[in-house]
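Before any comments, here is the structure.
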Amino acid sequence: MRFDEFIVADSINPNLQATKKEDAIREMANSLVEAGKLPRDDYESLVRAIIKREELGSTGIGRGIAVPHTKHPCVQELVGTVAVSNKGVEFNSLDGEPVYVMFLLISPPNEPARHLRALELIARQLRNDTFCRFLKQARNSKDILQLLSEADNNQFE
Amino acid sequence: MYRLVTVSNPEGLHMRVALLISECAKKYNATVTITKGSETVSACDVLQVLTLGAVSGVKLRVDAQGEQASEALNDVCALFENNVQSSV
């Protein structure tokens, strides 16, 4: 799988304003609504589902990264967005540290394999210190898209 | 020592299972690895476990070495055998 198969370019947020988990999730979900990829009517239900998933265990998996996600019938295919925070987001991460890079994934209820493929891709790329560092340092959407594109072209391996 | 396991969860090796595996593996004085095909990763690192992208039905090999290898192997493998209820 490639980032350009599910990351919505118009929803990328290089300057997340929120510093709390729920606010950050709301800001990211709203960017997908604004990009026309999520129905506005489903926004609250979607945010609640993502937060409910977080209550089962934080998706802040350390190294300043979080991958909040949920399954929701409002999408027909996997959609995702990425946000970078300069300030850091309190996310109850495994390592207790703030989060600076967040990938939000919304999957249709019956596509666990594509969800896993997306997680695999994100995990594989974020293991690369250079990719991770450059992403945290990115300050505009164009730079983030460029990094994702370079990752899609195996330039960080 | 090692054991072969099959991912039985219909959602595959999703993030919560990966986290449980890494937390479990870290508890023991043992080196635990998981192999899928030609790829071997540390069971202690959630990012590495996620890179396996193991869907339901995939067969994996879990290896453990060290003082508490037997206990670690039992506990880690139990996580594959007991379905962790998911909302992915």
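The values are calculated or read from the model by the stated rules, or taken from the named source; none is laboratory data. Note that the coordinates shown come from a computational prediction; the quantities given were computed from them, not determined experimentally. Note: ideal-geometry Cβ built from the backbone for every residue, glycine included; neighbour counts use all protein chains shown.
Worth a mention:
- Picking from residues in the stretch B:35-54 that are farther than 13 Å from residue A:123 by Cβ and in contact (Cβ under 8 Å) with a residue 24 or more places away in the chain, the one that is surrounded by the most Cβ atoms within 10 Å (Cβ to Cβ) is B:43.
- Residue match in the stretch A:32-40 (condition: more than 22 Å from residue A:101 (Cβ to Cβ), free of Cβ contacts under 8 Å to residues at least 40 places away in the same chain and not in a loop (DSSP other than H, G, I, E, B)): yes
- Number of residues in the stretch A:101-123 that are farther than 24 Å from residue A:138 by Cβ, among the aliphatic types (A, V, I, L, M) and buried (at least 23 other Cβ atoms within 10 Å of the Cβ): the value is 1.
- Evaluating residue A:20 against the criteria (1) away from chain B (no Cβ under 14 Å); (2) surrounded by 18 or more Cβ atoms within 10 Å (Cβ to Cβ); (3) among the basic types (Lys, Arg) leaves one unmet condition, (2).
- Scoring residue B:67 on the criteria (1) away from every other protein chain (no Cβ under 14 Å); (2) modelled with pLDDT under 90 leaves a single failure, condition (2).
- Within the stretch A:10-24, residues that are touching a residue at least 60 places away in the same chain (Cβ under 8 Å) and among the basic types (Lys, Arg) have Cβ atoms under 6 Å from residues that are surrounded by 13 or more Cβ atoms within 10 Å (Cβ to Cβ) and not in a loop (DSSP other than H, G, I, E, B) in these pairs: A:20/A:90, counting only partners at least 6 apart in sequence or on another chain.
- Residue within the stretch A:107-124 that is away from chain B (no Cβ under 13 Å) and not small (Gly, Ala, Ser) present: no
- Condition met for residue A:54 (within 14 Å of chain B (Cβ to nearest Cβ), closer than 25 Å to residue B:19 by Cβ and not in a strand (DSSP E or B)): yes
- Those residues of the stretch B:1-33 which are touching a strand residue (DSSP E or B) at 6+ places or on another chain (Cβ under 6 Å) and either among the hydroxyl-bearing types (Ser, Thr, Tyr) or without any contact (Cβ under 8 Å) to a residue 60 or more places away in the chain (or both), in sequence order: B:2, B:4, B:6, B:25, B:30, B:31, B:32, B:33
- Among the residues of the stretch A:81-88, not a single one is within 11 Å of another protein chain (Cβ to nearest Cβ), within 16 Å of the chain's Cα centre (by Cα) and not aromatic (Phe, Trp, Tyr).
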